[in-house]
1. For the stretch 341-433, what does the alpha-carbon gyration tensor say about shape, rounded, prolate or oblate, given a ≥ b ≥ c as the root eigenvalues, a/c under 1.5 as rounded, and a/b over b/c as prolate?
2. Mind sorting out which of [x] 22.8; [y] 26.4; [z] 24.6 is the real Kirkwood radius over Cα pairs in Å computed from the coordinates?
3. Could you calculate the contour length gain from residue 173 to residue 209, that is, 0.36 nm times the residue separation minus the distance between their Cα atoms, to one decimal place in nm?
4. From the backbone phi of the stretch 8-19, what are the Karplus-calculated ³J(HN,Hα) couplings (6.51 cos²θ - 1.76 cosθ + 1.60, θ = phi - 60°) in whole Hz, Gly and Pro given as x?
5. I need the phi-derived Karplus couplings for the stretch 58-63: 6.51 cos²θ - 1.76 cosθ + 1.60, θ = phi - 60°, integer Hz, Gly and Pro marked x.
6. Please report, in debye to the nearest 20, how large the charge dipole of the stretch 415-511 is about its Cα centre when each Lys and Arg carries +1 at its beta carbon and each Asp and Glu carries -1 there.
7. Sorting 210, 351, 367 on the 10 Å Cβ count, fewest up front, what's the list?
8. Neighbouring Cβ atoms within 10 Å as the yardstick, rank 316, 250 fewest first.
Amino acid sequence: MRDFHTPGRSEVLATEGMCATSHPLAAKVAVDILAQGGNAMDAAIAGAVVLGICEPQMTGLGGDCFVLYNRAGEDDIRALNGSGRAPSATNADTLRSRGLSAVPLNTADAVTVPGAVDAFCHLAETEGKLGLDVLLQPAIHYAETGVPVAPRVALDWKIAAQTLQGAARKHYLISGQAPEIGQVFRAPGQAEVLRQIARNGRDAFYSGEIADDMIGALTQLGGVHTAGDFLATKCSEAQPLIGEYQGLDLVEHPPNGQGATAILLLNILKNFDLASMDPFGVERIHIEAEASKLAYDARNRFIADPDHMTHADRFLDQELADKLAALIDPKRAMPTAAPLTEAIHKDTVYITVVDRDRMAVSLIYSIFHSFGSGIASERYGLLLQNRGSGFTLQAGHPNELAGGKRPMHTIIPGMLKQNGRVLMPFGVMGGAYQPTGHTRFVSNMVDHGLGLQASIDAPRAFADKGVLKLEREISRMTAQQLGDIGHKVEIPETPLGGAQAIRICKNGTLMGASDPRKDGCALGY
């Protein structure tokens with residue numbers, strides 16, 4: 001139990017249904033959908049689309065999603081890949097001939113075709129109860145009438161406003177400036193897009209005037225996207241990956257997401273007695289940082305479009321993890337593995353919902369960098385993701401940029417099972433941080449006995465591109481000691497990620513927790 005003398009928040013408890021996400025309006029929408037008779041998938045879709053209006057710097061219809069879920073009465077977890085592909089005419093040689101060593105972030109070259117809308121339409125039809133017309137009404141309402149800009153959203157908006165270019169400045173700035181806290185943001189163009197999808201389904205988005213609006217914006221900037229590329233977009237089912245840690249099964253979405261990295265990282269950490277360490281001390285932070293360097297090096301070398309990668313089994317191989325663990329010096333930081341050219345960043349939304357029948361949905365939805373590519377369509381103001389910058393231009397690499405391929409993605413939904421039973425859908429936003437975030441969240445609970453909310457609140461550290469990022473709550477003395485053993489320590493401009501989780505307790509009660517690093521909450525009924 002937490003100390004009620006200190007600032008913090010309690011877990012939210014309910015019995016009928018619950019949502020945890022990064023904005024309260026989206027959480028309220030999801031719970032309302034449950035109360036109307038919708039199931040967890042209906043609620044997750046409705047809430048996720050609202051997040052695109054509440055947090056447009058993080059996500060939107062021009063982005064991708066990944067989903068883990070179980071059906072009511074089942075404990076089998078299913079995976080759906082809602083990530084889009086590079087346009088068919090894409091060619092890495094073209095970019096290399098321009099002297100480029102990486103896909104430039106804020107260009108049409110970085111824009112892959114949005115996959116989330118197709119996934120939402122598919123899931124609403126195959127897993128939901130209420131239908132798209134009902135599910136999209138809350139987002140249509142908020143796009144038209146507007147949403148007051150929340151504090152964390154305002155901070156992110158101000159930092160990233162310079163990314164916006166062309167029509168995006170008209171649609172996402174107010175009088176040429178990022179909105180302040182409490183200013184109302186409206187997106188009437190997106191309201192019209194959502195109306196058309198509600199009436200006519202996914203083809204309203206992937207063909208006709210809406211697709212033409214997106215293609216036109218990209219063609220003006222040298223993009224090779226075609227109507228055929230948009231119309232061919234299709235989500236795909238996948239088989240989840242499972243790793244075991246201290247009696248829990250960690251379920252991750254398979255590549256092209258980086259979820260396998262979290263399983264490898266936990267397998268490495270099994271070699272160390274984390275439970276004996278101070279959860280916020282030098283020893284634990286150091287071991288986790290070194291293990292992350294090794295796991296992420298494997299990610300950078302192997303994770304790609306599943307149709308183009310090999311060695312996926314390496315991430316589940318405990319023997320390999322043990323060999324990697326042996327490379328860790330408990331007293332000294334290792335040099336960082338040579339970074340590849342994939343762009344890794346931190347902007348995503350996550351939503352989890354559990355309904356009265358204990359269907360659980362873990363859904364993550366993103367346009368990658370803050371405001372994505374910074375490119376928006378002229379008429380409707382649809383921001384386009386820059387997931388193509390997740391490709392490499394290294395010739396022969398499994399994640400090499402090519403037409404029709406899916407890039408390596410940072411976004412990963414998570415689930416935990418125990419004794420064969422679905423225990424907890426959860427997610428930790430934060431771009432590259434996410435596998436480390438998943439493992440730290442699990443370890444906080446299992447190794448250190450922290451409660452659900454405390455596991456989310458706890459200070460975070462992340463070894464990233466030669467720097468060990470420490471949140472401010474980690475003491476100066478700890479930071480100094482980490483520096484003394486070879487880490488280059490830095491306090492990041494914004495905190496590391498944001499988490500949401502719902503635990504399905506043995507007595508049937510739902511327990512929700514939401515990260516104070518974001519504006520959101522857990523709500524139940």
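1. Oblate, since a/c reaches 1.5 and b/c is not below a/b.
2. The calculated read-out lines up with [x].
3. Details: separation 36, 0.36 × 36 = 12.96 nm, distance 2.41 nm.
Contour length minus Cα-Cα distance gives 10.6 nm.
4. Coupling constants for the stretch 8-19: x, 9, 8, 5, 9, 10, 7, 10, 8, x, 7, 10 Hz.
5. 3J(HN,Hα) across the stretch 58-63, in whole Hz: 9, 7, x, 5, x, x.
6. Details: 11 positive and 8 negative charges, 76 e Å.
Dipole about the Cα centre, nearest 20: 360 debye.
7. Values: 210 24, 351 34, 367 29.
So the ranking, lowest neighbour count to highest, is 210, 367, 351.
8. So the ranking, lowest neighbour count to highest, is 316, 250.
No value in this document is a laboratory result; all are computed from the given coordinates. This is a predicted model, so every value here is computed, not measured. Cβ sites come from the backbone with ideal geometry, for glycine too, and all protein chains shown count toward neighbours.
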